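The structure appears below as structure tokens.
The values are calculated or read from the model by the stated rules, or taken from the named source; none is laboratory data. For clarity, every value in this text was computed on a predicted model and none was experimentally measured. In this analysis, Cβ positions are derived from the backbone assuming ideal geometry, glycine residues included, and neighbour counts consider all displayed protein chains. With ligands, DNA and RNA removed, areas are computed over all heavy atoms of the protein, side chains included. Shrake-Rupley method; radii C 1.70, N 1.55, O 1.52, S 1.80 Å.
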Amino acid sequence: MQVVILGSGSPIPAPDRAGPSTLVRTSAGDLLFDAGRGVLLRAAAAFSGAVAFKAVFLTHLHSDHITDLNDIITTRWAMSFVPTPLTVYGPIGTAALVTRTEAMLEQDIGYRLAHHEGLNWNPDTIVTEVSEGVVFEEGDVRITVAPSDHAPVHPTVAYRIDDGGRSVVIAGDTIPCPGLDRLAVGADALVHTVIRRDQIEALGVPRLIDVLDYHSTAPQAGNTAERAGVGTLVLTHMVPPVQPGGEQEWIDQARGEFAGEIVLAEDLTTIDLPPIDQ
Ligand SMILES: [Zn+2]
């Protein structure tokens, strides 16, 4: 299994960080977790893409995590030579999101159907709404869901992917919570979105201070990783954006709580988790 951080950014546009999305390459195929700004650009850099995705999994429906789902739907449809339904898993609300996204694309779908003789089917998206438990099993790959806590955004979920005796957890946006604790126990890697309370409070911008309510700080992510006995903590979705030369501060803040390996993600940061039980 291989984990590729496609987008390490946040809602705040940054020139070198795409929006939140993580590619998990498994023995069952390429699985995409969240679909933030620029996801297909970074997927192309990782030699994957809309047609290659076995399934897309959404942690929650905040815009920065889903804004390019429409690009995946269109690109997969328009670049397939036979009908190739897209499989999407997400919290309750995902089916409505997909229905509305396809409605948004109605004009484009009409233009392309009228223009391309060999394209005579509509985009087809198969949605499974998930809340808890095992939601995907194929070969050695098992995906387990637990509720996260991103209140007042609700519902939100975290995912654990097991393959070949290795495991990674995609926390999404959450404060420390029992669901994530259960999911992360013994995981090889934990991909966790993080913010900096000290920097946000110093900036003093009310709209930014609001985000303190429902995100984990780097020390909180470190504490979650430590309690769960995680191997590698991957920090991503940093708010405010990491200042040049400020990378080590983020790591040091998590290091205060966590003794394992810590990676501050950049776009295309890759974690290799080779199978151990085969
Ligand atoms: Zn969010």
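When the stretch 150-163 is filtered for residues that are within 16 Å of the ligand (Cβ to nearest atom) and touching a residue at least 40 places away in the same chain (Cβ under 8 Å), the ones remaining, listed by number, are HIS150, ALA151, PRO152, VAL153, PRO155, THR156, VAL157, ALA158, TYR159. Here ILE175 passes the criteria (1) under 18 Å from the mean Cα position of the chain (by Cα); (2) surrounded by fewer than 19 Cβ atoms within 10 Å (Cβ to Cβ); (3) among the aliphatic types (A, V, I, L, M); (4) away from the ligand (no atom under 16 Å from the Cβ) except the one numbered (4). Each residue in the stretch 18-71 was checked for being of a type in the set (D, E, K, R), open to solvent by 40 Å² or more (accessible area, probe 1.4 Å) and assigned to a loop (DSSP other than H, G, I, E, B), and 1 of them qualify. Could you say whether any residue in the stretch 106-113 is over 29 Å from PHE81 (Cβ atoms) and among the hydrophobic types (A, V, I, L, M, F, W, C)? Checked the stretch 106-113: no residue is over 29 Å from PHE81 (Cβ atoms) and among the hydrophobic types (A, V, I, L, M, F, W, C). Of ASP198, ASP213, all but one fail to be more than 16 Å from the ligand (Cβ to nearest atom) and either under 28 Å from HIS154 (Cα atoms) or among the charged types (D, E, K, R) (or both); the exception is ASP198. Within the stretch 249-278, residues that are touching a residue at least 60 places away in the same chain (Cβ under 8 Å) have Cβ atoms under 8 Å from residues that are in a strand (DSSP E or B) and polar (S, T, N, Q) in these pairs: ALA265/THR236; THR270/GLN2; ILE271/GLN2; ILE271/THR232; ASP272/GLN2; LEU273/GLN2; LEU273/SER167, counting only partners at least 6 apart in sequence or on another chain.
The single condition from (1) closer than 30 Å to LEU183 by Cα; (2) open to solvent by less than 60 Å² (accessible area, probe 1.4 Å); (3) free of Cβ contacts under 8 Å to residues at least 24 places away in the same chain that VAL134 fails is (2). Regarding ALA184, is this residue within 22 Å of GLY7 (Cβ to Cβ), of a type outside the set (Ser, Thr, Tyr), modelled with pLDDT of 95 or more and within 15 Å of the ligand (Cβ to nearest atom)? So ALA184 does not fit the description; no. Looking at the structure I just gave you, is ARG166 under 29 Å from SER131 (Cα atoms), at pLDDT below 95, crowded, with 17+ Cβ neighbours inside 10 Å and more than 15 Å from the ligand (Cβ to nearest atom)? Considered against the rule, which asks whether it is under 29 Å from SER131 (Cα atoms), at pLDDT below 95, crowded, with 17+ Cβ neighbours inside 10 Å and more than 15 Å from the ligand (Cβ to nearest atom), ARG166 comes out as no.
Every test in (1) surrounded by 22 or more Cβ atoms within 10 Å (Cβ to Cβ); (2) closer than 24 Å to SER131 by Cβ; (3) β-branched (Val, Ile, Thr) is passed by ILE5 save one, and that test is (2).
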